[in-house]
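S.K.: Dumping the structure here so I can ask a few things about it.
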Amino acid sequence: MTSGSSAALSCADSALAPARRPLLRHPLAVRCGIAFLFGVLAAGAAPGQLVERVVDGDTIIVEGVGRVRLIGVDTPETVHPNQPVEFFGKEASAFTRRLVEGKRVRLEYDSDRTDRYGRTLAYVYLPNGTFVNAEIIRRGYGHAYTRFPFQHMETFRQLEREARNGRRGLWGDVVGGTNPRASASPETRRPAGGAATVYVTRTGRKYHREGCRFLSKSKIPIKRNDAADRYEPCGVCKPD
Ligand SMILES: [Zn+2]
């Protein structure tokens, strides 16, 4: 598959040869003009739409479309205003960013075109055929999100099972964190130093050790270093 930029170059090159002679008086302006013209044409002809930015692991901004939520995949939260970053949230965002940011993608839709937040719901494909929604689950950077039915649900469920069995990504042995959704036993966790896991609650302003009585209502794992930036250590369980 030809990428947008190489198409633009080859178009501009072939066009420059015949155009050069009669327009020698302003060679730079001409070159720029031709490059621009063919850049526009190539962009129009290039497959797919530009991913301007990755918001988090399952949400991207696509040129001309706006906010796009990937159908059927749920990655750990990184940008919720009232909650701390979830385990593996940063890794999931980074993975999606590496995969699609600045690239042209093809969008496909299911029965619902938007969600209740007005985001466009889509399946995202790279020019090389990579199915981005599925790839995130396959590599263990997100869950199959099966609350609402969708076309690829069974495939995504299967991919999640495989990722889990293969201990990929967030299903893997946890270093410096605990994952409430993975089945890692306490013995496989290896917290160390500032990367050790502490816990916060949905509403509280303090962080706690595992087992603290203030964690009875909610208990959200967070790395010790991240907690220290935004929360106070609990005076009862003294997590420091
Ligand atoms: Zn405590």
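The values are calculated or read from the model by the stated rules, or taken from the named source; none is laboratory data. Just so you know, these numbers come straight off a predicted model, no measurement behind them. Backbone-built Cβ (ideal geometry, glycine too); neighbour counts: all protein chains shown.
S.K.: Among the residues of segment 194-209, are any more than 16 Å from the ligand (Cβ to nearest atom) and either surrounded by fewer than 14 Cβ atoms within 10 Å (Cβ to Cβ) or modelled with pLDDT of 90 or more (or both)?
M.R.: yes
S.K.: Here's another thing I want to ask about it. Restricting to segment 115-135, name every residue that is surrounded by 13 or more Cβ atoms within 10 Å (Cβ to Cβ) and charged (D, E, K, R).
M.R.: Of everything in segment 115-135, those that are surrounded by 13 or more Cβ atoms within 10 Å (Cβ to Cβ) and charged (D, E, K, R) turn out to be D115, R119, E135.
S.K.: Right, here's the next one. For segment 113-129, state whether one or more residues are modelled with pLDDT of 95 or more and in a helix (DSSP H, G or I).
M.R.: Within segment 113-129 (the criterion being modelled with pLDDT of 95 or more and in a helix (DSSP H, G or I)), the answer is no, since none of the residues qualifies.
S.K.: Here's another thing I want to ask about it. Being free of Cβ contacts under 8 Å to residues at least 60 places away in the same chain and buried (at least 19 other Cβ atoms within 10 Å of the Cβ) is the filter; apply it to segment 216-230 and report the residue that is farthest from the ligand (Cβ to nearest atom).
M.R.: Per the stated criteria, the residue is K223.
S.K.: Still on this model: Out of the residues in segment 59-78 meeting the condition of being over 14 Å from T114 (Cα atoms) and polar (S, T, N, Q), tell me which one is nearest to the chain's Cα centre (by Cα).
M.R.: For segment 59-78, the residue satisfying everything is T75.
S.K.: How many residues does segment 146-176 contain that are at pLDDT 90 or above and among the hydroxyl-bearing types (S, T, Y)?
M.R.: The total comes to 1.
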